[in-house]
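Presented below is the structure to which this report refers.
The values are calculated or read from the model by the stated rules, or taken from the named source; none is laboratory data. The structure presented is a predicted model; accordingly, all values stated were derived computationally and were not measured. Methodologically, a virtual Cβ is constructed for each residue, glycine included, from the backbone with ideal geometry; neighbour enumeration extends over all protein chains shown. Ligands, DNA and RNA are stripped out before the accessible areas are found, and what is left, the full protein with its side chains, is counted by its heavy atoms. Shrake-Rupley method; radii C 1.70, N 1.55, O 1.52, S 1.80 Å.
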Amino acid sequence: MRVPVSWLRDYVAIDMPLDDLATRLSVSTAEVEGVEARGVADDDGNLALFKIGKVVEAEKHPNADRLQITKVDIGEAEPRSIVCGAWNFGVGATVGVALPGARLPNGLELDRREVRGQVSDGMILAEDEVGLGADHAGIMLLPETEPGTPLSDVLPLVDHVLLVEATGNRPDLQSVYGLAREIATIYDLPLGDPIGDSPQTRPEKTVAVRIDDFEGCPRYIGNLFENVAIGLSPQWLRTRLFLAGQRPISNVVDITNYVMFALGNPLHAFDFTTLHGGEIIVRRASPGEKLTTLDGVTRDLVEDDLLIADADRAVALAGIMGGEATEIGEATTTVLLEAANFEPFGIYRTSERLRLRTEGSNRWEKGVDPYLAGPAAEVATDLMLELTGATWTAAADVKGELPARHVITFRPERADAVIGIDTPPGDQYALLDRLGYDHDGDSVVAPTWRGRDTTREIDVVEEIARFRLEDVPFTLPARREMNGLLTRDQQLRRRVEDVLAGLGFAEIYTPSLRPDDDTTWKLPEPISVELTALRTSLLPSLVEAARRNIDAGAHEIALFEIARVYLPAGDVPDERVTVAGITLGGFLHVKGVVEALYAALKAEPGFTRAQNALLHPGKTAATGAGVLGEVHPRELEGEWGAFELDLGRLFDVAGGPVVYRDVITFPAVRQDIAVAVAEDVPVGDLVAAARVAAGDELREIRVFDVYRGDQVGHGRKSVAFSVAYQSADRTLTDEDASRLRNAIVNALAERFGAELRS
Amino acid sequence: MADWLEYEAEAVRAAVSAPGIPELEEVRVAYLGRKSPLALALREVRDRDTGILLNGIRTKLEGAVDARERELEGEELDRRLREEVVDVTLPGEELPLGNLHPITQVRRAVEDAFLGLGWEVRDDREVETVEYNFDKLAFGPTHSARSPRDTFFFDADHVLRTETSPSQIHEMEEKKPPIYMVSIGRVYRRDAITATRYPIFHQFEGLAVDRGLTLADLKGTLLHVMRALYGPERRVRFRTHFFPFTEPSIEPDVSCGICGGSGCRTCKFSGWIEMGGAGMVDPRVFENVGLDPEEWSGFAFGCGLERTAQLRYFIPDIRALWEGDLRVLRQF
């Protein structure tokens, strides 16, 4: 909300530096996101060059049809001659004048100059020229004031606007007065009364108002005004609304907006003559009912929508927006002013369903003080009488049961225990008193404007805490036990990250939502096609990232990501933390990466032939934890490898703590063995069979050559192993070595028809 | 006698002054070779004293020649190495070196800061129920986060979690206090993609539940973590705020690292940078998980990892973190 400081001054003395005010409000009340300087510069005597003037002569410029030549009395011996382009005034008008030398907010510095042969010794001001409005259709017309009076005595020529961002639990801060109350509390200043002291005589006649739904509308005040003269609001009111960010419209509409900003209770005004039957009914919508709102949109209503209706039809969406048919217009003379209270959740549901947010709905849905309608009606009525020349001819005040103020048991020592510092109980009660709480023994009674967010002791504790935040010291919890350790899976995840980075992979993060359609977990209302479905694999994102890097001209591309995939399962998806990578290089390269990962986790992968839509049909393998292979040439040009492994399943097979084996005391015996087998025998099966045959004493077996050629024969291949035999408790003899060798050779011959070659 | 001493001196002089290996070889042949006077004389020796004398001379001469040989070889190696000069400014061989993503680096920094305080680390599911994402966290029925305009809904009961806060509920339902945990993971909000917002981002969220915890403990914990993440000179302040699941609620600010707190464009001239949300666990949340708020107290806080990365590494546009561009990633 935009809060002009000049407006705050109606209720509380603002003499402190504004940056101090902004900081203390930010800490204790609501964030002040900025302080905007508005109006004219107040330095080097600039302000003194803006004065009240009275027009004593005005006639058409002899050489220009669109200009007037005026003489303006600004309290000097002689009136000044000023050329002016506006025509909305004449002799006798009180106006604002800027003298030569004055600097305007737009940077222009005035000088005495000739306009088409006539001297102009100043400028008659329009509101936009001094930052008091947006209008440039005519000059500002001011109330009769002594010529020569400083203009800043009459208008907030120099002003500041606080940009206040109140939280959703504080509807009372959606008003200038609510903020003034906080300032008065922070600085311990007196707080003025928002209601003026001009006497109002309540008319005897009543307006027909009926509430069918007291839950949705606990109170409805309807004041009827006749002989209303619709027109422009006075400059001070226009300026306040302008600074608050609201466009001035007409006096009646401006009054409703003014009261909303001042007190926080949105109001509405109807052209009474358009209300069928001259009555107001607050009710829920009937099935199929429609209403054309002020913005010209015809809206289909549902039975949950709360309406203001007349005898025949809906005339407003309660609390959200008025209807077009009953809008205040230039010809309006009879006005029904609504000051009501609406239940927040219903307003929220309707504005949410219609996607229609207004200044009104924003306040109602937070829970406006149910007792505020009365003061709001009073202030608005004062203004109607003062500014529109109206007479107040009839009134209605229909109410159901308004909620009682909350009585809350409150222990000041509880506040100390939560905040961590002591605040004397007397100080706590004094603070609560300034905020509008009453104190009664063990209890406090919350003010009506805080009825929704202070219902419990902890809410009262917060009231104390927010004014003591800067005094709270820095301590650490006193601990009796600790467990500052990563879990095994968290440690292993770091290991995987580090190994891949060490192998040259750059880690990427890609969106979990994709345009895929291989899942049931799709957003019914995505923000874009690209971010629609929860992915079931990381590989498509990696292929795309590789492509983008190729297009960007990158070299040595190797990327990995660790993220969740979301596999459809039961009530919620099975979210599996997964690692995937893509790298230049073919099948054996990426297999090397996967083997390195397993080795780093002290695990042994097994590889079987597999298929994956993104991978080469003949160069794809699976391990117990996932898939790896050469990227399908349709996806990327050149030789690329990719893998995707489920971290949970990978960690299931990761080795436990290392148990040292003695590999130093007794030497190893090294040998090479080469066998010839049929082409279709997988090398991995030979290794596995050799391991089983030789047992624990086979310390190492490595394939170092696979040879095909005439010497081996057609359809066969020669596989050469380098083996090492070693025992932890004795030196192996030549006999041991040949026993182990024979065991391996015999096993391979038996199972695979292998012939020993050397 | 005098002759042999003269022979020895002459031979040593010849060896020491030999300019190269071939010349030294000549010296060896002349004075120690099979036909050298010394060798011939040794063959004729009959008495013990002469034998001792001549053998002594031979040993000495062999030593002198060998010493000169090593010297000459050393000089030769030095000469060769001097010719093998490389241009040390040539680039080295390119070995593959990967990178951890800045978010991962920040995640680890956060984990380490909390591990140092004796906290545990966890993560939870991202597809969350409305019950855990909102209801049990005491979100009011009109809270804007419940709107499908702010939150990704799959159906009436399932959302992509909007914050890591559901971890608070999971943790308190699974474990008995004392609890000191930080949850780190992906969260989702229905924001348009801009330089500072991305609909998918990461948060860390801490929860402490114990007896006698205070706002001061929250303030001290956050100070420790902010200094761990941003440097030891940082200061922390609290501003009042509102969150459904904490009361009192605050927003912590950390002093601006660009200007040191005097005000600049980065901190919008306030000297402070917003870090996220925090507060004391609301008694209603304790009741929702079956803990007695008179017995247990707690505090919680949450911050964005992307924001942390932006502040740590001066990244102006958050989208750079999601594009997988090696030109970006290789900086980290």
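Annotations for the structure displayed:
- Simple Cβ-charge dipole of the protein assembly as shown, Lys/Arg +1 and Asp/Glu -1, about Cα centre, in debye nearest 20: 2140 debye
- For the stretch A:432-475, the solvent-accessible area with a 1.4 angstrom probe is 39 square angstrom per residue.
- Förster radius 22 Å - calculated FRET efficiency between A:Glu324 and A:Arg357 (Cβ-Cβ, nearest 0.05): 0.75
- Inter-site label distance for A:Asp20 and A:Thr455 at 7 Å from Cα along Cβ, in nm: 3.9 nm
- Within straight-line reach of A:Lys619, meaning a Cα separation under 17 Å, sit the following aspartates and glutamates at least 8 residues removed in sequence or on another chain: A:Glu595, A:Glu630, A:Glu635, A:Glu637, A:Glu639, A:Glu644, A:Glu679, A:Asp680.
- Label reach from A:Thr391 (point 7 Å along Cα→C-beta): in the stretch A:229-250, no amide nitrogen lies under 13 Å.
- With the whole protein complex present, B:Ser297 retains an accessible surface near 30 Å², based on a 1.4 Å probe.
- Note on the stretch A:502-549: dipole from Cβ charges, positive end direction compared against A:Leu503, A:Val543, A:Ile527; the farthest Cα belongs to A:Leu503.
- Peptide A:549-562 - average C-beta neighbours from other chains (10 Å radius): 3
- Residues of the stretch A:1-47 buried by at least 50 Å² on assembly (accessible area, 1.4 Å probe, chain alone as reference): A:Glu31
- Qualifying lysines (Cα of each under 22 Å from Cα of B:Lys35; at least 8 residues distant if same chain): B:Lys60
- Overall shape: oblate for the stretch B:88-184, with the ratio a/c of the largest to smallest alpha carbon gyration tensor axis at 1.5 or above and b/c at least equal to a/b.
- Positive-end residue, the stretch A:267-386 charge dipole about Cα centroid, Cβ charges, pick of A:Ala325, A:Ser351, A:Val297: A:Ser351
- Area of A:Met1 that stays accessible when all protein chains are in place (1.4 Å probe, Å², to 10): 50 Å²
- Net dipole in debye of the stretch A:1-93 [+1 Lys, Arg Cβ; -1 Asp, Glu Cβ; about Cα centre; nearest 20]: 440 debye
- Based on C-alpha pairs under 8 angstrom that are at least 6 apart in sequence, chain A has a relative contact order of 8 percent.
- Between B:Glu62 and A:Glu604, the simple spin-label model (points 7 angstrom out along Cα→Cβ) gives 5.9 nm.
- A:Ile281 accessible area, assembled protein chains, probe 1.4 Å, Å²: 10 Å²
- For chain A, the longest principal axis of the Cα atoms and the long axis of helix A:683-694 meet at an angle of about 60 degrees.
- Of the listed residues A:Trp87, A:Trp7, the order by accessible area with a 1.4 Å probe, largest first, is A:Trp87, A:Trp7.
- Modelled spin labels at A:Thr731 and A:Arg708, positioned 7 Å past Cα toward Cβ, are 4.5 nm from each other.
- Each part gets one Cα centre, and for the stretch A:475-544 versus the stretch A:108-155 those centres are 64 Å apart.
- For chain B, the cysteines with no partner cysteine C-beta closer than 4.7 Å are B:Cys303.
- Folded to 0 to 90 degrees: helix A:251-263 orientation relative to chain A principal axis, Cα: 60 degrees
- Dividing the helix sum by the residues of chain A, where each DSSP H run of 4 or more adds -39500 (n - 2.57), gives a mean residue ellipticity at 222 nm of -7500 deg cm²/dmol.
- Contour excess over end-to-end distance, with Cα ends at B:Lys268 and B:Leu5 and 0.36 nm allotted per residue: 85.0 nm
- Once you reduce the stretch B:209-249 and the stretch B:137-185 to the center of their Cα atoms, the two points are 20 Å from each other.
- Accessible surface buried upon B-A contact (total; probe 1.4 Å; Å², nearest 100): 7300 Å²
- Shape class for the stretch A:341-428, computed from the alpha carbon gyration tensor (a ≥ b ≥ c): prolate, with a/c not under 1.5 and a/b above b/c.
- The protein assembly as shown: C-alpha pair distances exceeding 62 Å, %: 34 percent
- Over the stretch A:124-216, relative contact order from alpha-carbon pairs under 8 Å, at least 6 apart, %: 12 percent
- Look at the stretch B:134-145: the mean tally of other chain Cβ atoms within 10 Å of its residues' Cβ atoms is 3.
- Whole-percent carbon and sulfur share, accessible surface of chain A, 1.4 Å: 50 percent
- Cross-link partners of A:Lys54 among lysines, defined as those whose alpha carbon lies under 26 angstrom from its own and excluding same-chain residues fewer than eight positions apart: A:Lys71.
- Comparing the full protein assembly with the isolated chain, the residues of the stretch A:431-470 losing at least 30 square angstrom of accessible surface (1.4 Å probe) are A:Arg456, A:Ile458, A:Glu462, A:Leu469.
- Between 0 and 90 degrees, the angle of helix A:488-502 with respect to the longest Cα principal axis of chain A falls at about 80 degrees.
- Extent along principal axes [Cα atoms of the stretch A:288-437; Å; largest to smallest]: 62, 39, 26
- Surface composition of chain B: carbon plus sulfur atoms hold 53% of the accessible area, using a 1.4 angstrom probe and ignoring ligands, DNA and RNA.
- For the stretch B:1-143, the relative contact order is 20 percent, taking Cα pairs closer than 8 Å that sit 6 or more residues apart in sequence and dividing their mean separation by the residue count.
- Solvent-accessible area per residue in the stretch A:160-254 equals 42 Å², computed with a 1.4 angstrom probe and all protein chains kept.
- Pairs exceeding 29 Å between alpha-carbon atoms, taken from A:Lys522/A:Lys602; A:Lys51/B:Lys268; B:Lys136/B:Lys176; A:Lys366/B:Lys175: A:Lys522/A:Lys602; A:Lys51/B:Lys268; A:Lys366/B:Lys175.
- Calculated FRET value between A:Arg480 and A:Glu303, using beta carbons and R₀ = 60 Å, to 0.05: 0.55
- Estimated FRET transfer efficiency when R0 is 30 angstrom, pair B:Arg70-A:Ile664 (beta carbons, to 0.05): 0.25
- Shape category assigned to the stretch A:586-742 from the gyration tensor of Cα positions, a/c cut at 1.5: oblate
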